[in-house]
Amino acid sequence: MLKDYRNAIFVEEAKVLEHHAFEEGQFVLRVDAPKCAATAKPGQFAHIQCDLQRLMRRPLSIMRVSVDEGWVEFLYKTVGDGTELLSAKKVGELVNIMGPIGRPFELNKEKPNALLLGGGVGIPPMVCLAEQIKNEETAMSPTVFMGSEVPFPFDRKTSNLPVNGIGSDVSDSLPLLEAWGVPSRLASLQGYSGVYEGYITDLARDWLSALSDVERSQVTIYSCGPTPMLKAVAALAKEFDLPCQVSLEEYMACAVGGCAGCVVKVTTDEGESMKRVCVDGPVFDATTVFA
């Protein structure tokens, strides 16, 4: 029986602790939300009231949490009036958040060679998952590839951590992951120096092809990003016969399963079924949502 996470959703008036702006309308928001932080898991999200002028909330994927300090951090991009209003929030102001929501990633410890693929606003769950693996100090070994067609929302850093199958010209990494000792590389079609020129799935294919048969047999893929990217990730997993979990992006109104506005078709043992991304997901087995 799959666990129902709806009994662990909290509503909090969260104080803004940090709010940093990056290029192309990207922001990293950290808020004081100890109830959400206490149970949040990679792949889950929070439903945030951006401003009192906008009653409809916006779902934001959780990027980092600190249980001890009680904060939750999000990366988001301004795409409409709601997130524009949210981007104006100052340190010390309050935002109402509801979370954590949704079915998270489930670590496959039987195949501990974890390949994490994040695209655009699908980057946050991969950071969260990498941090969980690091903090749990398991035998799992994460490698993280991130793609973006706008400037990355962090200062890129030349990596000192080698990645099999990836040339030395592809050297840029996410500094936070580098500090954790987690190998990472970046992909884009925008011609950034030190960044892989191509799709994130092509970068992942190079890495997978460089592994030995034994190493490859221990890989599980975890991914979040836009639907076309996730379809390509699912195809890559099928190509190499690897288990794959994907976190879907969908428009959400209520985010707690009531409105059924975020349903997707999923293949189950009983046949095709319509599932709500907010509570039945957002994380699904890739084979159930992409043929």
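Residues whose amide H falls under 5 Å from that of GLY165, counting only those 5 or more places apart or on a different chain, are absent, with hydrogens built in the peptide plane.
3J(HN,Hα) couplings calculated from phi for segment 115-124 with the Karplus curve 6.51 cos²θ - 1.76 cosθ + 1.60 (θ = phi - 60°) are, in sequence order, 9, 10, 10, x, x, x, 6, x, 5, x Hz; Gly and Pro show x.
The alpha carbon convex hull volume per residue for segment 5-101 rounds to 87 Å³. Using alpha carbons only, the radius of gyration of the chain set against its Kirkwood radius gives Rg/Rh = 0.95. Separation of segment 5-73 and segment 239-266, taken as the distance between their Cα centroids, equals 20 angstrom. What net charge is computed for the residues neighbouring TYR196, neighbours being all others with C-beta under 10 Å from the C-beta of TYR196, Lys and Arg scored +1, Asp and Glu -1? Local net charge: -4.
Straight-line cross-link partners of LYS238 among the lysines, defined as a Cα under 28 Å from its Cα and at least 8 positions apart when in the same chain: LYS3, LYS41, LYS109, LYS111, LYS134, LYS265, LYS275. Shown for GLU84, GLU272: other C-beta atoms within 10 Å of each C-beta, ranked fewest to most, produce the order GLU272, GLU84. Using the Karplus relation 6.51 cos²θ - 1.76 cosθ + 1.60 with θ = phi - 60°, the per-residue 3J(HN,Hα) values for segment 37-50 come to 4, 5, 10, 5, 10, x, x, 7, 9, 10, 9, 10, 7, 5 Hz, with x marking Gly and Pro.
Entry note: segment 126-282 has Rg to Rh equal to 0.99, where both radii use alpha-carbon atoms and Rh is the Kirkwood radius.
Coordinate-derived values only; no laboratory data. Just so it is clear, the structure is predicted and the values come from calculations on it, not from any experiment. Ideal geometry is used to build each Cβ from the backbone, glycine not excepted, and the neighbour counts take in all protein chains shown.
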